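All remarks here apply to the structure that follows.
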Amino acid sequence: QSSGDKAEYLRFARAAVEVLEPLGPSGELAKAYASLSHVHCLLSNYDEAIDWGARAVHLAQASSDSAALALALNRHGTAQLYKTNDARARAQLERALALAIDARVEDLVADIYISLQTGAINHHDYAFALDVGRRGIAYCEARDFDGYALSLRCRCAYAFACLGRWDEAELEYAI
């Protein structure tokens, strides 16, 4: 994404919050807060992303919207994990993954796999990146989520290359 796209995303996320906040607490407002968390994470504004993510989690926990909770836990945990290699953040993402699977929000499940894998790569945990990548690829391929599966494969190839496992990296990328 270009910085212009991110600025537009930020503008739309803020507008959603402005529209929903006067209506009171809801799963939809939690999702809007989660969107603000996500765009701040994309902009590498991790402290703001963590703050908005925490707000999203708080609201989502008070609602009966399990999809909103899974999304909020994902955005908050992703921002925490990208900022620092925190085992609690990874556990939160695994919880979000389980909730999203149970709620059958399949695109969110795929997104969480990518967040987990990216966080592992960012912190040079290539073994976990490969493990979560394999789980994510299997999930995505079973649902014909080719774009997500390709993203996970590319990250697996990168992890293999970082480990000096060149043949496996090449095979992964060639699929």
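The values are calculated or read from the model by the stated rules, or taken from the named source; none is laboratory data. No experiment lies behind these values; they were computed from the predicted model shown. Because the Cβ atoms are built from the backbone with ideal geometry, glycine has one as well, and the counts that use them run over all protein chains shown. These accessible areas exclude ligands, DNA and RNA; they are computed on the full protein's heavy atoms, side chains included. Shrake-Rupley method; radii C 1.70, N 1.55, O 1.52, S 1.80 Å.
All but one of (1) touching a Cys at 6+ places or on another chain (Cβ under 8 Å); (2) under 18 Å from LYS31 (Cα atoms) hold for TYR82; which doesn't?
Tallying (1) touching a Cys at 6+ places or on another chain (Cβ under 8 Å); (2) under 18 Å from LYS31 (Cα atoms), TYR82 fails exactly one: (2).
Is there a residue in the range 75-83 that is in contact with a Lys or Arg (Cβ under 7 Å, 6 or more places away or on another chain), touching a residue at least 24 places away in the same chain (Cβ under 8 Å), small (Gly, Ala, Ser) and closer than 21 Å to TYR9 by Cα? It would help to see each step written out before you state the result.
Of all residues in the range 75-83, those in contact with a Lys or Arg (Cβ under 7 Å, 6 or more places away or on another chain) come to 81.
Now drop any that are not touching a residue at least 24 places away in the same chain (Cβ under 8 Å), which leaves 81.
From what's left, small (Gly, Ala, Ser): none.
No, the range 75-83 contains no residue that is in contact with a Lys or Arg (Cβ under 7 Å, 6 or more places away or on another chain), touching a residue at least 24 places away in the same chain (Cβ under 8 Å), small (Gly, Ala, Ser) and closer than 21 Å to TYR9 by Cα.
Among ASP146, ASP167, ASP125, which is closer than 17 Å to LEU81 by Cβ and among the charged types (D, E, K, R)? Lay out the reasoning, then the answer.
Details: ASP146 fails: closer than 17 Å to LEU81 by Cβ; ASP167 fails: closer than 17 Å to LEU81 by Cβ.
Just a single option satisfies the conditions, and that option is ASP125.
This table checks each residue for (1) within 24 Å of GLU106 (Cα to Cα); (2) within 13 Å of the chain's Cα centre (by Cα); (3) in contact (Cβ under 8 Å) with a residue 24 or more places away in the chain.
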| site | (1), (2), (3) |
| --- | --- |
| ASP5 | no, no, no |
| LEU20 | no, no, no |
| ASP47 | no, no, yes |
| ALA56 | yes, no, yes |
| ALA60 | yes, no, yes |
| LEU71 | yes, yes, yes |
| ASP86 | no, no, no |
| ARG90 | yes, yes, yes |
| LEU93 | yes, yes, yes |
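Assess whether ALA129 counts as being hydrophobic (A, V, I, L, M, F, W, C), buried (at least 24 other Cβ atoms within 10 Å of the Cβ) and either at pLDDT 95 or above or in a helix (DSSP H, G or I) (or both).
Details: hydrophobic (A, V, I, L, M, F, W, C): yes; buried (at least 24 other Cβ atoms within 10 Å of the Cβ): yes; either at pLDDT 95 or above or in a helix (DSSP H, G or I) (or both): yes.
So ALA129 passes the test.
Exactly one of these conditions fails for SER115: (1) open to solvent by less than 30 Å² (accessible area, probe 1.4 Å); (2) over 24 Å from GLN80 (Cα atoms); (3) under 16 Å from the mean Cα position of the chain (by Cα); (4) of a type outside the set (Lys, Arg). Give me its number.
In the conditions (1) open to solvent by less than 30 Å² (accessible area, probe 1.4 Å); (2) over 24 Å from GLN80 (Cα atoms); (3) under 16 Å from the mean Cα position of the chain (by Cα); (4) of a type outside the set (Lys, Arg), SER115 misses (2) alone.
Please find, among SER66, SER44, SER26, SER35, the residue that is among the small types (Gly, Ala, Ser), open to solvent by 50 Å² or more (accessible area, probe 1.4 Å) and either touching a strand residue (DSSP E or B) at 6+ places or on another chain (Cβ under 8 Å) or farther than 19 Å from ASN122 by Cα (or both).
Working: SER44 fails: either touching a strand residue (DSSP E or B) at 6+ places or on another chain (Cβ under 8 Å) or farther than 19 Å from ASN122 by Cα (or both); SER26 fails: open to solvent by 50 Å² or more (accessible area, probe 1.4 Å); SER35 fails: open to solvent by 50 Å² or more (accessible area, probe 1.4 Å).
Going through SER66, SER44, SER26, SER35 in turn, the sole match is SER66.
Taking the residues in the range 92-112 that are of a type outside the set (A, V, I, L, M, F, W, C) and over 19 Å from GLN80 (Cα atoms) as candidates, determine which candidate is surrounded by the fewest Cβ atoms within 10 Å (Cβ to Cβ). Write out each step before concluding.
If we filter the range 92-112 for residues that are of a type outside the set (A, V, I, L, M, F, W, C), which is where we start, we get 92, 94-95, 102, 104, 106-107, 111.
In the following step, the residues that additionally are over 19 Å from GLN80 (Cα atoms) were identified as 102, 104, 106-107.
Working: ASP102: 12, ARG104: 10, GLU106: 16, ASP107: 12.
The qualifying residue surrounded by the fewest Cβ atoms within 10 Å (Cβ to Cβ) is ARG104.
Being in contact with a His (Cβ under 6 Å, 6 or more places away or on another chain) and β-branched (Val, Ile, Thr): is that true of VAL57 here? Talk me through it step by step, then tell me what you get.
Numbers: in contact with a His (Cβ under 6 Å, 6 or more places away or on another chain): yes; β-branched (Val, Ile, Thr): yes.
The answer is yes for VAL57.
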